[in-house]
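Working notes, beginning with the structure itself.
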Amino acid sequence: MVTLNPQKIDEARKEVDRVNSESRTADALMEGITVLLNQHMLKYNWVGFYMFEEKADPPMLVLGRYQGAMTPHTRIPLNQGICGAAASSGKTVVVDDVKKDSRYLACSLETKSEIVVPIFVRGKVAGELDIDSHFLAAFSSEDRELIEYCAQLVGKRLETEAA
Ligand code: SME
């Protein structure tokens, strides 16, 4: 695996395409994305997927593949956290300073900013890609595009597997 300059989002995107073409399943793709983003993007200090369990009572976001420190938040209801906000609105949520957002559920004392991007399967939220950074305002519009691209690839792959 090549070492990326963290500024070079284009290179990261190519690496994501490579991981996508080499992954046989959605699960392998999610694992590959967490490893790639966590190892090569210096500000992406925790990278993980939460999958939506619609049939749970109440419906839950359940921790899936991740890289980074262990988190106490393995199951998150839709009305809690930045994760719940992204899943229930179906919109990307970027928080530049987690201390200023009352929705934030703390994973690590080092986390300063966070992005959560929903994953859609046939138009419905099936999960999300969550990234925490030890840096304030770590996620620029280019980062957001890269992370949304990853979420779209996973959504397409889950859609194929569900077909
Ligand atoms: N901070 C998230 C919880 C998950 S951890 O970041 C891994 C939230 O507020 O929903």
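The values are calculated or read from the model by the stated rules, or taken from the named source; none is laboratory data. Predicted model, so just to flag it, every value in this text is computed and none were measured. Glycine gets a Cβ as well: all are built from the backbone with ideal geometry, and neighbour counts include every protein chain shown. Only protein heavy atoms, including side chains, enter the accessible area calculation; ligands, DNA and RNA are left aside. Shrake-Rupley method; radii C 1.70, N 1.55, O 1.52, S 1.80 Å.
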Among (1) near the ligand (Cβ under 10 Å from one of its atoms); (2) hydroxyl-bearing (Ser, Thr, Tyr); (3) modelled with pLDDT of 95 or more; (4) in contact with an Asp or Glu (Cβ under 8 Å, 6 or more places away or on another chain) - the single one THR74 does not satisfy: (4)
Candidate set: the stretch 111-125, residues that are among the hydrophobic types (A, V, I, L, M, F, W, C) and open to solvent by less than 10 Å² (accessible area, probe 1.4 Å); chosen: the one farthest from MET41 (Cα to Cα): ILE119
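Check the stretch 140-148 and report whether any residue there is aliphatic (A, V, I, L, M), modelled with pLDDT of 95 or more and either over 20 Å from ILE9 (Cβ atoms) or not in a strand (DSSP E or B) (or both).
Here is the first cut: in the stretch 140-148, the residues aliphatic (A, V, I, L, M) are 146-147.
Narrowing the set further to residues that are modelled with pLDDT of 95 or more leaves 146-147.
Now drop any that are not either over 20 Å from ILE9 (Cβ atoms) or not in a strand (DSSP E or B) (or both), which leaves 146-147.
The answer is yes, given that some residue of the stretch 140-148 is aliphatic (A, V, I, L, M), modelled with pLDDT of 95 or more and either over 20 Å from ILE9 (Cβ atoms) or not in a strand (DSSP E or B) (or both).
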Qualifying residue in the stretch 63-78 (condition: without any contact (Cβ under 8 Å) to a residue 60 or more places away in the chain, in a helix (DSSP H, G or I) and closer than 16 Å to VAL47 by Cα): no
Matching residues in the stretch 79-110 - criterion: being open to solvent by 30 Å² or more (accessible area, probe 1.4 Å), without any contact (Cβ under 8 Å) to a residue 40 or more places away in the chain, within 16 Å of the chain's Cα centre (by Cα) and more than 8 Å from the ligand (Cβ to nearest atom): SER88, SER89, LYS91
Residue within the stretch 91-107 that is within 17 Å of GLU161 (Cβ to Cβ) and at pLDDT below 95 present: no
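Answer yes or no as to whether GLU128 is open to solvent by 20 Å² or more (accessible area, probe 1.4 Å) and modelled with pLDDT of 95 or more. Write out each step before concluding.
On the way: open to solvent by 20 Å² or more (accessible area, probe 1.4 Å): no; modelled with pLDDT of 95 or more: yes.
Criteria not met by GLU128.
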Those residues of the stretch 125-142 which are within 16 Å of the ligand (Cβ to nearest atom) and either more than 22 Å from ALA69 (Cβ to Cβ) or in contact with a Phe, Trp or Tyr (Cβ under 8 Å, 6 or more places away or on another chain) (or both), in sequence order: VAL125, GLY127, GLU128, LEU129, ASP130, ILE131, ASP132, SER133, ALA138
Odd one out for ALA151, checked against (1) open to solvent by 20 Å² or more (accessible area, probe 1.4 Å); (2) modelled with pLDDT of 95 or more: (1)
Tabulated pairs, the stretch 10-33, first under 19 Å from GLY68 (Cβ atoms), second polar (S, T, N, Q) and outside any helix (DSSP H, G or I), C-beta under 9 angstrom, 6+ apart or interchain: LEU29/SER23; MET30/SER23; GLU31/SER23; GLU31/GLN67; GLY32/SER23; ILE33/SER23
Pairs, first free of Cβ contacts under 8 Å to residues at least 40 places away in the same chain in the stretch 133-146, second assigned to a helix (DSSP H, G or I), C-beta under 8 Å, six or more apart: none
Some residue of the stretch 39-59 being crowded, with 22+ Cβ neighbours inside 10 Å, β-branched (Val, Ile, Thr) and more than 9 Å from the ligand (Cβ to nearest atom): yes
